[in-house]
Amino acid sequence: MVRIRFSPDVRGRVGDPTFKKLALILSLLIVSIPVSTLNAREGAPKWGKPITLFNGRDITGWRFSDPSRARSWEVEEGMLISSGRGANIMTIPQFDDFKLHLEFNCAPRSNSGVYLRGRYADLKHLEVQIETDSEEEPPSHHAGAVYGLLAPSPELPRRSGEWQSFDIILVGRTITVVQNGQTVIDHQEIPGIKIGALDRHEVPGPLYLQGAEDGRVAFRNIVITPAQK
């Protein structure tokens with residue numbers, strides 16, 4: 001509950017019609033503040049120490065969704081590279097709320113993504129999309145989107161063959177995505193319960209990098225900052 005305290009001079013004017021109008025406007029403004037916004041400000045997590053997930057030399061700390069298709073990934077010159085149509089690669093550690101920074105380079109006509117908390121199977125997608133091949137698909141399938149759920153706004157131009165960055169903050173069901181320093185999803189709640197649910201009993205989970213789609217995508221500087229428990 002929000003409590004407002006008035007000075008003695010102000011209390012003496014409570015019966016004044018002008019004062020009543022001002023009080024009504026103030027009360028409406030307070031009521032109009034979303035509860036989720038207030039809760040987010042009150043419940044902002046304390047962040048722990050950053051963890052480098054990819055050491056630039058090998059895949060220590062990672063495993064494959066399908067080891068028989070692991071040859072689609074290689075480590076080269078400090079990059080973790082998917083040649084496409086192979087396995088997804090995932091972290092062995094699991095994470096709940098976190099801040100994630102990574103850099104990616106997506107070749108022309110290529111597709112990948114970052115699955116958060118391991119949401120991949122059974123249509124429980126929570127993927128921040130990476131692509132240069134989905135111009136004709138809906139905006140929620142474009143780069144920077146939470147795939148099928150939240151479209152990026154603004155949507156940035158595709159940049160094939162160039163290094164780009166994502167900074168992603170995920171707290172509960174609320175996500176922020178910053179692409180190349182530009183906020184494209186700003187503190188939005190992930191909608192839906194059928195294909196986008198994030199029930200608290202489902203977390204934590206690993207981080208996936210998608211390697212099952214077409215084309216070449218390289219990753220580097222993958223750093224996660226977990227929330228303190």
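So the values come out like this:
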item: Checking R109 against (1) surrounded by fewer than 17 Cβ atoms within 10 Å (Cβ to Cβ); (2) of a type in the set (D, E, K, R); (3) more than 19 Å from A212 (Cβ to Cβ), the condition it does not meet; result: (3)
item: Residue match in segment 149-164 (condition: in the same structural domain as Y115 (by TED's automatic domain parsing), under 10 Å from the mean Cα position of the chain (by Cα) and closer than 28 Å to Q228 by Cα); result: no
item: Selection within segment 85-101 - in contact with a strand residue (DSSP E or B) (Cβ under 9 Å, 6 or more places away or on another chain) and more than 22 Å from E189 (Cα to Cα); result: G86, A87, N88, I89, M90, T91, I92, P93
item: Candidate set: segment 125-135, residues that are out of contact with any strand residue (DSSP E or B) (no Cβ under 6 Å at 6 or more places or on another chain) and at pLDDT 80 or above; chosen: the one surrounded by the fewest Cβ atoms within 10 Å (Cβ to Cβ); result: E135
item: Set R85, R173: member being of a type outside the set (D, E), more than 18 Å from I224 (Cβ to Cβ), surrounded by fewer than 20 Cβ atoms within 10 Å (Cβ to Cβ) and without any contact (Cβ under 8 Å) to a residue 40 or more places away in the chain; result: R173
item: Any hit, segment 59-66, residues being free of Cβ contacts under 8 Å to residues at least 12 places away in the same chain, among the β-branched types (V, I, T) and surrounded by fewer than 19 Cβ atoms within 10 Å (Cβ to Cβ); result: yes
item: Filtered residues of segment 150-182 (kept if among the acidic types (D, E), in contact with a Gly (Cβ under 9 Å, 6 or more places away or on another chain) and not in a strand (DSSP E or B)); result: E155
item: Filter result (under 16 Å from I92 (Cα atoms) and assigned to a helix (DSSP H, G or I)) within segment 44-72; result: P67, A70
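Residue-wise test of (1) under 30 Å from G56 (Cα atoms); (2) buried (at least 21 other Cβ atoms within 10 Å of the Cβ); (3) modelled with pLDDT of 95 or more.
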{"residue": "L123", "(1), (2), (3)": "no, no, no"}
{"residue": "P154", "(1), (2), (3)": "no, no, yes"}
{"residue": "P157", "(1), (2), (3)": "yes, no, yes"}
{"residue": "W163", "(1), (2), (3)": "yes, no, yes"}
{"residue": "Q182", "(1), (2), (3)": "yes, no, yes"}
{"residue": "G192", "(1), (2), (3)": "no, no, no"}
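The values are calculated or read from the model by the stated rules, or taken from the named source; none is laboratory data. What you see is a predicted model, and the numbers here were worked out from it, not measured in a lab. Cβ coordinates were reconstructed from backbone atoms using ideal geometry, including for glycine residues, and neighbour counts include every protein chain displayed.
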